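A.B. asks: This is the structure, below, for whatever I ask next.
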Amino acid sequence: MSRVGKKEIPLPKGVTVSVEGNTLRVKGAKGELTQTFRDDVSFNISADKVEVVKVKSGKDSSAMHGLYRALLANMVKGVSDGFVKTLIISGTGYRAEVKGTSVFLNLGYSTQIEYVVPEGVSVVAEMPTKLNVSGIDKAAVGQVAAEIRGIRKPGTYSDKGIRYSDEIVKRKVGKTGVK
């Protein structure tokens, strides 16, 4: 059984947490995030830390306890530091270009692919083969990065496609030919 929910969340300077009804609001230097929650948990907020307290007992309540603690920790980190996912594009002629809120990808298809970046997430082309997806909402950053990666997943037989910077792609050996 996990004890994630019992850990306190330290609040960095400049981050405030408030509860209004069933809505949790976290404000920081980079922005503001809100999250609705169920009646299973309550929050003890002090000047430098937040504690998530389980109100009801039961298996479902224990799961929600750990979930809301993790969500709150991600919200606090997001409004203070933000989240970044880096994508590497590899392949001959494969490249990306950012124009406004759209990312234009040349990935070996017959046409150029346009991906419209949702609000709250920004994409920066550090190089034509390197994209940085950043924002304050961890789920949104991960979703956008996964959608861009899904346009051309990394190949197992060739070194083509879009992969995360920390991803290790397991390579397979191709056919050896007739002997």
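The values are calculated or read from the model by the stated rules, or taken from the named source; none is laboratory data. Predicted, not measured: the structure shown is a model, and the values here were computed from it. Here the Cβ is made from the backbone with ideal geometry for all residues, glycine too, and neighbour counts use every protein chain on show.
A.B. asks: Based on what the data block shows, is Ile151 touching a residue at least 40 places away in the same chain (Cβ under 8 Å), more than 30 Å from Val17 (Cα to Cα) and β-branched (Val, Ile, Thr)?
C.D. replies: Spelling it out, Ile151 is indeed touching a residue at least 40 places away in the same chain (Cβ under 8 Å), more than 30 Å from Val17 (Cα to Cα) and β-branched (Val, Ile, Thr).
A.B. asks: Still on this structure, I have one more. Does Lys27 satisfy the criteria of being closer than 20 Å to Lys138 by Cα and either at pLDDT below 90 or touching a strand residue (DSSP E or B) at 6+ places or on another chain (Cβ under 7 Å) (or both)?
C.D. replies: Working: closer than 20 Å to Lys138 by Cα: yes; either at pLDDT below 90 or touching a strand residue (DSSP E or B) at 6+ places or on another chain (Cβ under 7 Å) (or both): yes.
So Lys27 passes the test.
A.B. asks: Shifting gears a bit: Just to be sure I understand, how many residues within region 12-43 are more than 17 Å from Phe83 (Cα to Cα) and surrounded by 11 or more Cβ atoms within 10 Å (Cβ to Cβ)?
C.D. replies: First, the residues of region 12-43 that are more than 17 Å from Phe83 (Cα to Cα): 13-14, 16-25, 35-43.
Narrowing the set further to residues that are surrounded by 11 or more Cβ atoms within 10 Å (Cβ to Cβ) leaves 14, 16-19, 23-25, 35, 37-38, 40-43.
The qualifying residues number 15.
A.B. asks: Output the strands (runs of 3 or more DSSP E) that fall wholly within region 12-105 and possess 2 or more residues being over 16 Å from the mean Cα position of the chain (by Cα), hydrophobic (A, V, I, L, M, F, W, C) and not assigned by TED's automatic domain parsing to the domain that holds Ala146, or say none.
C.D. replies: Details: elements: 16-20, 23-27, 32-36, 41-45, 49-54, 83-90, 95-99.
Where strands (runs of 3 or more DSSP E) fall fully within region 12-105 and carry at least 2 residues being over 16 Å from the mean Cα position of the chain (by Cα), hydrophobic (A, V, I, L, M, F, W, C) and not assigned by TED's automatic domain parsing to the domain that holds Ala146, they are 16-20, 23-27, 41-45, 49-54.
A.B. asks: So in region 131-178, with the set limited to residues that are among the hydrophobic types (A, V, I, L, M, F, W, C) and part of a strand (DSSP E or B), which one is nearest to Thr34 (Cα to Cα)?
C.D. replies: Only one residue tops the list, namely Val133.
A.B. asks: Of the conditions (1) in a loop (DSSP other than H, G, I, E, B); (2) of a type outside the set (D, E, K, R); (3) over 30 Å from Arg152 (Cα atoms), Pro118 fails just one. Which one is it?
C.D. replies: Unmet for Pro118, out of (1) in a loop (DSSP other than H, G, I, E, B); (2) of a type outside the set (D, E, K, R); (3) over 30 Å from Arg152 (Cα atoms): (3).
A.B. asks: Looking at region 18-25, can you tell me whether even one residue there is without any contact (Cβ under 8 Å) to a residue 40 or more places away in the chain and under 29 Å from Asp166 (Cβ atoms)?
C.D. replies: Taking region 18-25 first, the residues without any contact (Cβ under 8 Å) to a residue 40 or more places away in the chain are 18-23, 25.
Okay, now just the ones that are also under 29 Å from Asp166 (Cβ atoms), so none.
Taking every residue of region 18-25 in turn, none turns out to be without any contact (Cβ under 8 Å) to a residue 40 or more places away in the chain and under 29 Å from Asp166 (Cβ atoms).
A.B. asks: Looking at (1) farther than 24 Å from Arg149 by Cβ; (2) touching a Phe, Trp or Tyr at 6+ places or on another chain (Cβ under 7 Å), find the lone condition where Ala63 falls short.
C.D. replies: Against the list (1) farther than 24 Å from Arg149 by Cβ; (2) touching a Phe, Trp or Tyr at 6+ places or on another chain (Cβ under 7 Å), Ala63 comes up short only on (2).
A.B. asks: Tell me whether region 168-178 contains one or more residues that are modelled with pLDDT under 95 and surrounded by 13 or more Cβ atoms within 10 Å (Cβ to Cβ).
C.D. replies: Quick first cut of region 168-178, residues modelled with pLDDT under 95 only: 168-178.
Checking the rest, the ones that are also surrounded by 13 or more Cβ atoms within 10 Å (Cβ to Cβ) come to 169.
Looking for residues that are modelled with pLDDT under 95 and surrounded by 13 or more Cβ atoms within 10 Å (Cβ to Cβ), one finds at least one in region 168-178, hence yes.
A.B. asks: Out of all the residues in region 135-143, is one or more touching a residue at least 24 places away in the same chain (Cβ under 8 Å) and β-branched (Val, Ile, Thr)?
C.D. replies: yes
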